[in-house]
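Below: one structure, written as structure tokens.
The values are calculated or read from the model by the stated rules, or taken from the named source; none is laboratory data. Treat the numbers as computed from the prediction; the structure is a model and nothing was measured. Here the Cβ positions follow ideal geometry from the backbone for every residue, glycine too, while neighbour counts run over all protein chains shown.
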Amino acid sequence: MIRAYLADDEEHALNLLELLLARTGDVEVIGRCGNGFDAFGEIGRLQPDVAFLDIEMPGMNGVELAEKLGSHFPDVQIVFVTAYDRYAISAFERDAVDYLLKPLEMERLTRSVQRVKREVARLRASEAWAQAASEVSGTAEAAGPEKMLRVQLLGETQIVCGDQERLKWRTAKEKELFAYFAVHHGQRIHRDVLLDELWPEENYQKSKVYLHTCVSYLRRDLRQLGLKSAVVYEEEKYYLDPNLPVSDYQSLRHALIATRAAGNLQASELEGVLALYAGPLLRDEDYHWAETEIRQLETTVEALRLQLGELYEQEGDYGKMTETARLLLKQSPYNEEAYRLLMRGCSGSGKLDEVFRAFEEMTARLGELRISPSEVSRQLYRRLTERA
């Protein structure tokens, strides 16, 4: 038997829902009220398994109430009761949360109750496992999964926990929402900013429902990795729990900031920073909101590689110099400075044929853009080949 709380500003709607839930034989209604403010306090006191929330209550509506519940009582399942059209609802009907369309239908309500029962059973099993792990380890919490969590934004976007398979996203928007939070880790993001960035052309009220649904998916998926309060909501702002491990992108970003602050660095120190670069930020995604961060990161890494190559040149290490130039060209294939670095490295190694090849490759690459090598590049090429 699952314990339910009902919130709807229409008394007859509450009566009908309670009656139909009783008919399922699987639900005990432990409380009900007509507004979101009272419902929040009552749900905190009664701790039901599920809350059935009308979306369009006055004052604090169902979506806003669900946002607060998700931050303070993440174990409470949410089922929206709404008059939204079926098209909007069907886009987000998944196992973690559910929607009931008014007027209520017994068959649909029964399916919803079964979904909630599965979620509650899964949650209880997870809690039992955590308790058992805690007792075995002798700690207050089963913290293993959290310590092994890795958040990858460079190259492929994924969350990996220990040796387990990566987290499987329920929807593309859930993945995008997590990526947004992870890129802006440490920042509190206003709800309306998220709506503008992720659903710029959607109706405001519907986009709020979509946001809450994605947050619900994210919280439940991360909870399965041992993270109970990963996404926090306060004063209409969302943010990731500060105790969560930062992503590989944030680790690299902090290292780059420290590098700029330190000034002159040795080649070995630059190597250590560049080793953190595992590929372009959000490489396989097409998120318009990330364009500035992606461009800034690539520009910074390119400049650092060029700086490293020039340090190798000063040290006379032409092998590493050419290797760095090739890595830079792999990252930025139309970069003339990288080609000049490569030509100087090949010349320093006494490989004149590779100087020729590098110049020809540069000419062909730039030709794709319908431009010719700059005078600086041509003069360098003439000087290196005449010297030979």
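Would you please list the contacts, defined by Cβ atoms under 8 Å and residues six or more apart or on different chains, that run from a residue in the range 250-277 that is farther than 15 Å from Q307 by Cβ to a residue that is part of a helix (DSSP H, G or I)?
Qualifying pairs under 8 Å: Q250/A182; L252/V273; L252/L297; R253/L297; L276/D248; L276/S251; L276/L252; L276/A255.
What's the number of the only condition in (1) closer than 30 Å to A303 by Cα; (2) within 15 Å of the chain's Cα centre (by Cα); (3) surrounded by 15 or more Cβ atoms within 10 Å (Cβ to Cβ) that L194 fails to meet?
All conditions are met except number (1).
Test of understanding: among L311, L341, L270, which residue is within 22 Å of L369 (Cβ to Cβ) and in a helix (DSSP H, G or I)? Give the derivation first.
Values: L311 fails: within 22 Å of L369 (Cβ to Cβ); L270 fails: within 22 Å of L369 (Cβ to Cβ).
Result: L341 is the single residue among L311, L341, L270 that is within 22 Å of L369 (Cβ to Cβ) and in a helix (DSSP H, G or I).
Report, by residue number, each residue of the range 355-376 that is within 18 Å of E313 (Cβ to Cβ) and surrounded by fewer than 17 Cβ atoms within 10 Å (Cβ to Cβ).
Selection gives V376 alone.
Out of all the residues in the range 83-95, is one or more at pLDDT 85 or above, within 21 Å of K173 (Cβ to Cβ), in a helix (DSSP H, G or I) and not assigned by TED's automatic domain parsing to the domain that holds N203?
no
For the range 184-203, which positions are acidic (D, E) and within 19 Å of A172 (Cα to Cα)?
Selection gives D196, E197, E201, E202.
Out of Y312, Y381, report the one residue that is within 27 Å of Q266 (Cα to Cα), surrounded by 17 or more Cβ atoms within 10 Å (Cβ to Cβ), over 36 Å from the mean Cα position of the chain (by Cα) and among the aromatic types (F, W, Y).
Exactly one of Y312, Y381 is within 27 Å of Q266 (Cα to Cα), surrounded by 17 or more Cβ atoms within 10 Å (Cβ to Cβ), over 36 Å from the mean Cα position of the chain (by Cα) and among the aromatic types (F, W, Y), namely Y312.
Yes or no, residue by residue, for (1) assigned to a loop (DSSP other than H, G, I, E, B); (2) modelled with pLDDT of 60 or more; (3) outside the structural domain of R223 (by TED's automatic domain parsing):
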{"site": "R111", "(1), (2), (3)": "no, yes, yes"}
{"site": "R122", "(1), (2), (3)": "no, yes, yes"}
{"site": "A128", "(1), (2), (3)": "no, no, yes"}
{"site": "R166", "(1), (2), (3)": "yes, yes, no"}
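So, in the range 19-53, how many residues would count as being under 24 Å from M106 (Cβ atoms) and under 29 Å from the mean Cα position of the chain (by Cα)?
So the answer is 5.
Test each condition in (1) under 26 Å from the mean Cα position of the chain (by Cα); (2) more than 21 Å from G155 (Cβ to Cβ); (3) free of Cβ contacts under 8 Å to residues at least 60 places away in the same chain; (4) surrounded by fewer than 18 Cβ atoms within 10 Å (Cβ to Cβ) for A230 and report the one that comes out false.
For A230, the failing item is (4).
Identify all residues within the range 251-292 that are crowded, with 17+ Cβ neighbours inside 10 Å and β-branched (V, I, T); write none if there are none.
T259, V273
Just to be sure before I move on: is E28 assigned by TED's automatic domain parsing to the domain that holds E105, charged (D, E, K, R) and part of a helix (DSSP H, G or I) in the structure I sent?
no
Go through the range 4-35 and report how many residues are without any contact (Cβ under 8 Å) to a residue 40 or more places away in the chain and hydroxyl-bearing (S, T, Y). So that I can check it myself, show each step before the final result.
The initial filter retains those residues of the range 4-35 that are without any contact (Cβ under 8 Å) to a residue 40 or more places away in the chain, namely 11-12, 14-15, 18-19, 22, 25, 28-35.
Restricting the remaining residues to those that are hydroxyl-bearing (S, T, Y) gives none.
Residues flagged as without any contact (Cβ under 8 Å) to a residue 40 or more places away in the chain and hydroxyl-bearing (S, T, Y) within the range 4-35 amount to 0.
Looking only at the range 168-212, which residues are of a type in the set (V, I, T), within 20 Å of S71 (Cα to Cα) and part of a loop (DSSP other than H, G, I, E, B)?
Result: no residue meets the conditions.
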